[in-house]
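The values are calculated or read from the model by the stated rules, or taken from the named source; none is laboratory data. None of these values were measured; they are calculated from a predicted model. Glycine gets a Cβ as well: all are built from the backbone with ideal geometry, and neighbour counts include every protein chain shown. Remember, those area values only see protein heavy atoms, side chains included, never the ligands or the DNA or RNA. Shrake-Rupley method; radii C 1.70, N 1.55, O 1.52, S 1.80 Å.
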Amino acid sequence: ILGEHLRICPQGYTCCTSEMEENFANKSRSEFEAMMKEAGRSVQTTLTAQHRSFDSYFQDLLNKSEKALYDAFPSIYGELYTQNIKVFKDLYSELRRYYRGSNINLEEALNEFWTRLLERLFKLLNPQYHITDEYLDCMVKHAEQHRPFGEVPRDLKVKATRAFIAARSYAQGFLVGSDVVKKVSQVSLSHECTRAIMKLMYCPHCRGMSSVKPCNNYCLNVVKGCLANQADLNTEWKYLMDSLAVVADRIDGPYNVDTVIGTIHMRIAEAISNLQENKDSLTAKVFQGCGNPKISTKGSSSEDKKRRVKVPLEAKSSAQALEMLVLDAKGNLTALKTYWITLPSSLCSKKVMASSAADDKCWNGMTKGSYLPEVMGDGLANQINNPEVEVDITKPDMTIRQQIMQLKIMTNRLGNANIGNDVDFQDASDDMSGSGSGDSCPDDVCGKRLSKSPSTRQPETHAIPKQSGHGISGASSRSLPSAFLLLLSMAFIAVQHWCR
């Protein structure tokens, strides 16, 4: 029949009624959106599988370390352990909460652990004295400068914070990537895109050419026009994949989680042994600084003498498992780097089943023949002259722009994790909303952001003058240049006025 009633397909002789054309349009829309979601699910599956593998590995390391501590410490330290079991449990609990993304200052948590442990052990190692809470406060202040646990707290703080920062950013990166793909894959097609997809996929049926495949370049122009906003994810997506790969190398290298996390219990045992060996000199120094505490009526205990023997703890290494985990992750990350810009060709070749580029007997949007227009570039800005899809390049999709920002934020976190700096997960979006990718973040800007988080840096302190007069004179001296310039300006204006 004559096709004057058709609104999308060419208006020549046709097999389709208006109702059929509308049904085909709805069918093509739902099929194309299903293709998008299916392609996205494949990427999501890969990323969530990588997260699950690493998360399981990391949690297992932490669990084994904690179990080794619970199994070995009672026989090694007796009361030194049994009366302080909550201190150890709280430490591992805090470490887990931090890894899962809680807003915890990891350095403060570790400092708090060593302080609590020192207070309790000092009392147990000196049972003949009555030691009050006030005395313990004084003891901690005097003891810290003498390093009662040796170098273990300082060394563990540096290594553990770096390992945990890298681990939680790495695990979070996979989840963010997966979530971005999920949200972007659910973005609905525009009205213009629906028409173009219908014309590509089902208008040949209306012309009695159901077996004729769309020309490949024609398909690419349609899909690139429809997925122009999605292609703009490419730059930040690549930065995220690269950043994850770099942090993966850190996890299996300088910040080796297998070595650090798997041996926490051993470092604690080493620290307690150091304290036991330094007990006499430490006690003497504390007594000198805080005074002699009162003798306790309970008397002394032989517990300390029984528990001075060092018992080596073993750590079962799983370095090979970690190496395989990282290699597998890096392979997948490399494969996913170009996902957004290769999506159009992937959909055309695998889903739409477009004809080869050189075929002159393919559907070109009007009839069976060759397709002459050139293929458009990737991204929104390149669609200004797209012959198949009308794209308003001045109106980017806001959902996708939000996801681009999420990629930037996560890349920034990974960039900081790579150099051992922490960025709070709760406030990161505020700190980094104006940033570019982690790779393009200027040092002075990143430094300002990082200074907000005290997690891995000691806060900067500035001395405040004790005498108010010093502060005032300092302030006035700084304001002299400004005052001088102001007077000079006023004099200049007066002279100008006088000359007139």
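Okay, here's what the table says:
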{"read-out": "Computed magnitude of the charge dipole of the range 75-117 (debye, nearest 20; Cβ of K, R +1, Cβ of D, E -1)", "value": "220"}
{"read-out": "FRET efficiency estimate (nearest 0.05) - Cβ-Cβ, Ser75 to Glu108, R0 30 angstrom", "value": "0.40"}
{"read-out": "Estimated dipole of the range 37-173 in Debye, rounded to 20 [Cβ of Lys and Arg +1, of Asp and Glu -1, Cα centre]", "value": "600"}
{"read-out": "Residue (of Leu110, Phe149, Ala166) at the positive-pole extreme of the range 101-195, dipole from beta-carbon charges", "value": "Ala166"}
{"read-out": "FRET efficiency, 1/(1 + (r/R0)^6) with R0 60 Å, evaluated for Lys67 and Ser346 via beta carbons", "value": "0.85"}
{"read-out": "Across Lys199/Lys395; Lys67/Lys285; Lys182/Lys368; Lys37/Lys361; Lys64/Lys159; Lys37/Lys337, pairs whose alpha-carbon gap is larger than 28 Å", "value": "Lys67/Lys285; Lys182/Lys368; Lys37/Lys361"}
{"read-out": "Label-to-label distance, nm, for residues given as Lys86 and Arg120 (7 Å Cα→Cβ offset)", "value": "0.8"}
{"read-out": "Percent accessible area from carbon and sulfur atoms, the range 321-404, protein chains only, probe 1.4 Å", "value": "53"}
{"read-out": "Heavy atoms of His142: accessible area, 1.4 Å probe, square angstrom to 10", "value": "50"}
{"read-out": "Distance-filtered residues of the range 1-18 - backbone nitrogen under 15 Å, label point 7 angstrom along Met353 Cα→Cβ", "value": "none"}
{"read-out": "Heavy atoms of Asp55 accessible to a 1.4 Å probe, total area in Å² rounded to 10", "value": "40"}
{"read-out": "Where N is the number of residues in the range 40-164, Cα Rg divided by 2.2 N^0.38 Å", "value": "1.33"}
{"read-out": "Residues Ile1 and Ala335, FRET efficiency given R0 of 30 Å [Cβ-Cβ distance, rounded to 0.05]", "value": "0.05"}
{"read-out": "Computed magnitude of the charge dipole of the range 147-283 (debye, nearest 20; Cβ of K, R +1, Cβ of D, E -1)", "value": "700"}
{"read-out": "Solvent-accessible area, 1.4 Å probe, carbon plus sulfur percent, for the range 1-121", "value": "47"}
{"read-out": "Cα-derived Rg to Rh of the range 363-402, Kirkwood definition", "value": "1.10"}
{"read-out": "Rough spin-label spacing in nm, given labels placed 7 Å along Cα→Cβ, for Arg96 and Ala321", "value": "1.8"}
{"read-out": "Accessible area (Å², per residue) of the range 29-94, counting only protein heavy atoms and a probe of 1.4 Å", "value": "44"}
